[in-house]
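So the structure is just underneath, and the comments pick up after that.
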Amino acid sequence: MEIEKKSLSPEEILYTVSNGKLSFSAFNTGCTVKELFVDTGSKKVDVLLGFDSLKEWEEKSQYHNAVVGRVANRISGASFFLNGKKYILDKNDGNNCLHGGFSGYDRKIWDVQPFSEDKKAGLIFKRTSPDGEQGFPGNLTVEVKYSVFENVFSMEYSAVTDSPTPVNIINHGYFNLNGEGDVKSHFLQLDSSEYLEIDENLIPTGKILSVSSTPFDFRKGKKIGEDSSVFAGENGGYDHCYVTGGDEKSLKRVGVLMGEKSGIKMEIFTNQRGFQLYTGNFLKKVPQKNSKIQDRYSGVCIETQRFPDSVNRPEFPSSVLNPGQVYYSRTDFIFDWNDV
């Protein structure tokens with residue numbers, strides 16, 4: 001196990017953690033994962049999109065590989081009622097609030113503590129989101145833990161509050177298991193049989209639909225871009241929340257993603273009730289790290305989370321955290337590979 005620390009400025013630090021099979025680097029700003037290398041023995045592939053410098057991240061990022069919160073995904077009308085009081089949030093996505101607003105967790109500097117124990121090593125990020133930040137109530141103390149062990153990259157999130165508040169914290173990782181090109185040729189198999197219906201603004205309607213006989217059915221596995229009708233139009237592609245059947249306690253398998261050129265496979269497990277499948281529909285054509293060009297569909301996100309807009313949807317499981325409770329979310333990415 002190796003852990004390196006590199007100071008980029010008086011406040012900004014880049015950490016690198018490696019166990020030989022997997023290695024990742026992360027900034028203390030936004031708990032942002034700069035790179036995640038998979039070493040197959042014959043090649044090393046960085047399986048995440050991103051940029052060479054933190055300055056580029058600040059200028060070009062669309063939440064690339066960063067932690068987003070206090071509430072990830074969309075909140076309709078950029079507002080919600082809680083215990084009889086209305087809370088007003090940033091409108092940074094039309095009339096809605098996306099990923100916490102204009103100054104989300106991805107823009108904050110976090111305290112970092114590296115750790116190493118037995119065959120596991122990683123980083124623990126901590127900060128307190130004060131009452132009123134982004135418009136949310138309560139002081140929320142958050143801990144984010146990234147670790148590698150064997151061929152597993154694990155992300156854990158925990159939080160406690162002193163006042164009732166909605167919480168939904170994720171990492172917005174853009175994966176490309178080939179390390180280049182677009183992801184429409186990636187093979188994706190998902191265990192989910194249901195997904196959330198959304199309206200024209202990508203807000204859930206409250207209905208849970210079956211994937212049967214729809215382009216959303218990945219149970220048997222297929223190429224991400226197989227159903228061309230989904231990718232029609234200016235912003236075509238997947239941006240939908242699937243149902244895992246999870247209970248926020250035990251880990252449950254989500255499915256597997258495979259890069260057809262690299263032979264790298266990524267199996268996903270989570271304790272969350274849902275995950276957002278997003279195919280980078282709004283990515284812009286810009287230079288990214290390693291002299292490559294990012295464009296639409298260059299990466300795919302599988303964002304394990306609570307149901308979007310659940311604070312405004314009483315029919316969904318509650319996303320409200322109360323004093324005395326502990327919010328806990330975990331997602332494991334298990335890598336395997338075949339030489340191709």
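Any chance the range 256-264 includes a residue that's surrounded by 23 or more Cβ atoms within 10 Å (Cβ to Cβ), in contact with a Ser or Thr (Cβ under 8 Å, 6 or more places away or on another chain) and within 20 Å of N151 (Cα to Cα)?
Initially, the range 256-264 is screened for residues surrounded by 23 or more Cβ atoms within 10 Å (Cβ to Cβ), giving 257, 259, 264.
Pick out the ones that are also in contact with a Ser or Thr (Cβ under 8 Å, 6 or more places away or on another chain) and you get 264.
Restricting the remaining residues to those that are within 20 Å of N151 (Cα to Cα) gives 264.
Among the residues of the range 256-264, at least one is surrounded by 23 or more Cβ atoms within 10 Å (Cβ to Cβ), in contact with a Ser or Thr (Cβ under 8 Å, 6 or more places away or on another chain) and within 20 Å of N151 (Cα to Cα), which makes the answer yes.
Can you find, within the range 138-151, the residue that is farthest from the chain's Cα centre (by Cα) among those that are of a type outside the set (F, W, Y) and open to solvent by less than 10 Å² (accessible area, probe 1.4 Å)? Quick ask: steps written out before the conclusion?
As a first pass, look at the range 138-151 and keep what is of a type outside the set (F, W, Y): 138-145, 147-148, 150-151.
With open to solvent by less than 10 Å² (accessible area, probe 1.4 Å) added as a condition, the list becomes 138, 140, 142, 144, 147-148.
Details: G138: 24, L140: 20, V142: 16, V144: 13, S147: 15, V148: 17 Å.
Among them, the one singled out is G138.
Picking from V142, V148, which residue would you name as being of a type in the set (V, I, T) and touching a Leu at 6+ places or on another chain (Cβ under 9 Å)?
V148
For D90, indicate whether it is open to solvent by 60 Å² or more (accessible area, probe 1.4 Å), farther than 30 Å from S23 by Cα and at pLDDT 95 or above.
No.
Between E303, E226, which is under 22 Å from F51 (Cβ atoms) and of a type in the set (D, E)?
Values: E226 fails: under 22 Å from F51 (Cβ atoms).
Being under 22 Å from F51 (Cβ atoms) and of a type in the set (D, E) holds for just one of E303, E226, which is E303.
Could you check the range 286-340 and list, in sequence order, the residues that are part of a loop (DSSP other than H, G, I, E, B) and of a type in the set (A, V, I, L, M)?
Within the range 286-340, V326, V340 meet the criteria.
Here's the yes/no breakdown for (1) open to solvent by less than 60 Å² (accessible area, probe 1.4 Å); (2) among the small types (G, A, S); (3) within 21 Å of Y63 (Cα to Cα); (4) touching a residue at least 60 places away in the same chain (Cβ under 8 Å):
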site	(1), (2), (3), (4)
W110	yes, no, yes, yes
D118	no, no, no, no
K126	no, no, yes, no
V183	yes, no, yes, yes
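With respect to F269, is the statement that it is surrounded by 22 or more Cβ atoms within 10 Å (Cβ to Cβ), outside any loop (DSSP other than H, G, I, E, B) and touching a residue at least 24 places away in the same chain (Cβ under 8 Å) true? Spell out how you get there, then give the answer.
Numbers: surrounded by 22 or more Cβ atoms within 10 Å (Cβ to Cβ): no; outside any loop (DSSP other than H, G, I, E, B): yes; touching a residue at least 24 places away in the same chain (Cβ under 8 Å): yes.
For F269, the condition - surrounded by 22 or more Cβ atoms within 10 Å (Cβ to Cβ), outside any loop (DSSP other than H, G, I, E, B) and touching a residue at least 24 places away in the same chain (Cβ under 8 Å) - is not met.
Kindly provide the set of residues from the range 5-35 that are aliphatic (A, V, I, L, M) and open to solvent by less than 10 Å² (accessible area, probe 1.4 Å), ordered by number.
Hits for the range 5-35 are V17, L22, A26, V33.
Being within 23 Å of S298 (Cβ to Cβ), surrounded by 15 or more Cβ atoms within 10 Å (Cβ to Cβ), over 14 Å from the mean Cα position of the chain (by Cα) and among the acidic types (D, E), is that true of even one residue in the range 95-106?
no
Select the strands (runs of 3 or more DSSP E) contained entirely in the range 1-104, then report the ones holding at least 1 residues which are charged (D, E, K, R) and free of Cβ contacts under 8 Å to residues at least 24 places away in the same chain.
2-7, 33-39, 44-46, 85-88
Identify all residues within the range 203-230 that are within 29 Å of N96 (Cα to Cα), of a type outside the set (V, I, T) and either exposed (fewer than 14 other Cβ atoms within 10 Å of the Cβ) or at pLDDT below 95 (or both); write none if there are none.
Residues satisfying the conditions are K207, S210, S228, S229.
Does the range 46-74 hold any residues that are out of contact with any Asp or Glu (no Cβ under 8 Å at 6 or more places or on another chain) and of a type outside the set (D, E), and which are they?
The answer is V47, L49, F51, S53, K55, W57, K60, Q62, H64, N65, G69, V71.
So, of the residues in the range 210-227 that are part of a loop (DSSP other than H, G, I, E, B) and of a type in the set (S, T, Y), which turns out to be farthest from the chain's Cα centre (by Cα)? Talk me through it step by step, then tell me what you get.
The first filter runs over the range 210-227 and keeps only residues part of a loop (DSSP other than H, G, I, E, B), leaving 211-221, 224-227.
Among the residues that remain, those that are also of a type in the set (S, T, Y) are: 212-214.
Working: S212: 26, S213: 28, T214: 25 Å.
Filtering the range 210-227 for residues that are part of a loop (DSSP other than H, G, I, E, B) and of a type in the set (S, T, Y), the one farthest from the chain's Cα centre (by Cα) comes out as S213.
Of the residues I13, I75, which is of a type in the set (V, I, T), farther than 18 Å from L283 by Cα and touching a helix residue (DSSP H, G or I) at 6+ places or on another chain (Cβ under 9 Å)?
One residue alone meets the criteria, I75.
The values are calculated or read from the model by the stated rules, or taken from the named source; none is laboratory data. Just so we're clear, the structure is a prediction, and the values are computed from it rather than from any experiment. Note that each Cβ is placed from the backbone with ideal geometry, even for glycine, and that neighbours are counted across all protein chains shown. SASA here: full protein model, heavy atoms, side chains in, ligands and nucleic acids out. Shrake-Rupley method; radii C 1.70, N 1.55, O 1.52, S 1.80 Å.
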